[in-house]
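Chemist: One structure coming up, written as structure tokens, with questions to follow.
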Amino acid sequence: MPDGLPTVEAPWPVALLAGKLRDYIDRLGSVWVEGEITQWGVSGGNVYGKLKDCEADATVSFTIWSSTRSRIPADLKQGDRVIALIKPNYWLKGGTLTMQVYDMRHVGLGDLLERLERLRAQMREDGLFEQSRKKPLPFLPHCIGLITGKDSDAEKDVLRNAQLRWPAVRFRVRHAAVQGDRSAADIAAGIRELDADPEVDVIIVARGGGDFQNLLPFSDEALVRTAAACGTPLVSAIGHENDRPILDDVADLRASTPTDAAKRVVPDVAEELLRVQQASTRMSVRVTALLTHEIDRIAQLRSRPALASHDWIVSTRAEELTRYVARGTELVARCVERAENSTRELTGRLRALSPKSTLDRGYAIVQGPDGIVRTPADAPSGSPLVVALADGALDAESRGRHSSTEEPRDDLSPASQAPSPSAATPS
């Protein structure tokens, strides 16, 4: 086989050229490429397809042997956007160049992301992303539930930053797998366990970021619905901005990093003390200003003439009071005078009606055995009599009816008439 450059006189055999091409291509080794599957055919357990550039007009053929196919996702199909680990392979006998695939994964908005987007849309339709269903975090949680990987940086960040902000805060840590096939079920079990604990006030699910494949468990439907049904406020601290897991949208609060979660959940004791001091200062200033204002108002009221001299009321009312006293005295005197006149009039009437007044005028009252003698028949002859005078009484005896036919005259005074023992006559 000639070793120099080919010439017209000494051309290379086809086998030599093919061998050199194979050797040159073999030196390229394995490379990762990205593209869209435009052809996918299965024959004898092997896959033969084509991979097209996502932007430029370029296509390469690839082959996936049956031994490799068992290690790649089974749902790969035409139209998926993938990344593939390939090694160029030149076939000497056929003179064709193919790309042998050693690994292939979904990438971008391929089938996996489409499923995630469909699940996200379903969750949104079910109302799990609504702001109204999100629960507020407690101002100062006494016990915080933490779900994270064992001895992970996320666990250290949350514990360290929370205790720096509020040293008295307590944690209940539940270690769980945060990547791999069993991570979704393990995290969901941790959420249910901490949610059932009455001492836990808030739950933090923390992971220190990662690539798209590692974050897939945090978009698992069972895990997301468990988080949505959690009665305790839930904080998602996955720590990845580009590929946002669905758990971030369902959680009551999304923290950008585990450190941010600690700051959002636990208040800073120094800041709170400063706020209390500032509030106390503001209240003191307000109260002082209010008291000063009221003191000034009282001073202004006291300076008014109505309050400056307290005897002005007596001075202005003295004359009126004097008139009222004089009027009262006059009215009382009139009332007393009218009462005295009425009393004298009644006394005169009473005396005029009194038997003693009649006796004082010279009349007498004759009483017989049966009572007062009003007619001669009341005192037959020989009847004992008692003659009541104005001053004392006399004993007498009836001699019968008086024989004189003359009636006592009205013009005679009582003193000029002789007493009659048989009737009440002037004495």
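Chemist: One residue is enough: does region 214-235 have a residue meeting the conditions farther than 22 Å from ALA189 by Cα and surrounded by fewer than 16 Cβ atoms within 10 Å (Cβ to Cβ)?
Modeler: Checked region 214-235: no residue is farther than 22 Å from ALA189 by Cα and surrounded by fewer than 16 Cβ atoms within 10 Å (Cβ to Cβ).
Chemist: I've got another one for you. Determine, yes or no, whether ALA84 is among the hydrophobic types (A, V, I, L, M, F, W, C), over 30 Å from LYS263 (Cβ atoms) and without any contact (Cβ under 8 Å) to a residue 40 or more places away in the chain.
Modeler: In short, no.
Chemist: From the residues in region 31-70 that are among the aliphatic types (A, V, I, L, M) and exposed (fewer than 15 other Cβ atoms within 10 Å of the Cβ), which one is nearest to GLN100 (Cα to Cα)?
Modeler: In this case the residue turns out to be VAL31.
Chemist: Across region 347-382, which residue is farthest from SER403 (Cα to Cα) among those that are of a type in the set (S, T, N, Q) and surrounded by 11 or more Cβ atoms within 10 Å (Cβ to Cβ)?
Modeler: Ranking the candidates gives SER354 first.
Chemist: It is to be established whether one or more residues within region 284-302 are at pLDDT 95 or above and either basic (Lys, Arg) or within 30 Å of ALA228 (Cα to Cα) (or both).
Modeler: yes
Chemist: Evaluate the following for ARG160: is it under 28 Å from THR259 (Cα atoms), surrounded by fewer than 17 Cβ atoms within 10 Å (Cβ to Cβ), in contact with a Ser or Thr (Cβ under 7 Å, 6 or more places away or on another chain) and not aliphatic (A, V, I, L, M)?
Modeler: No; evaluated as a whole, the condition is false for this residue.
Chemist: Looking only at region 120-129, decide whether some residue is touching a strand residue (DSSP E or B) at 6+ places or on another chain (Cβ under 9 Å), assigned by TED's automatic domain parsing to the domain that holds ARG225 and part of a loop (DSSP other than H, G, I, E, B).
Modeler: Checking region 120-129: not a single residue is touching a strand residue (DSSP E or B) at 6+ places or on another chain (Cβ under 9 Å), assigned by TED's automatic domain parsing to the domain that holds ARG225 and part of a loop (DSSP other than H, G, I, E, B).
Chemist: Looking only at region 27-66, count how many residues are closer than 19 Å to PRO88 by Cβ and out of contact with any strand residue (DSSP E or B) (no Cβ under 8 Å at 6 or more places or on another chain).
Modeler: Result for region 27-66: 2.
Chemist: Please enumerate the residues belonging to region 178-197 that are touching a residue at least 40 places away in the same chain (Cβ under 8 Å) and over 16 Å from PRO233 (Cβ atoms).
Modeler: Across region 178-197, the qualifying residue is only ILE187.
Chemist: Check off (1) surrounded by 18 or more Cβ atoms within 10 Å (Cβ to Cβ); (2) modelled with pLDDT of 90 or more; (3) touching a His at 6+ places or on another chain (Cβ under 9 Å) for GLU199 and give me the number that stays unchecked.
Modeler: (1)
Chemist: Continuing with the same structure: Being hydrophobic (A, V, I, L, M, F, W, C) and outside any helix (DSSP H, G or I) is true for just one of VAL325, VAL336, VAL366, VAL332. Which residue is that?
Modeler: VAL366 is the lone residue from the list that is hydrophobic (A, V, I, L, M, F, W, C) and outside any helix (DSSP H, G or I).
The values are calculated or read from the model by the stated rules, or taken from the named source; none is laboratory data. For clarity, every value in this text was computed on a predicted model and none was experimentally measured. Because the Cβ atoms are built from the backbone with ideal geometry, glycine has one as well, and the counts that use them run over all protein chains shown.
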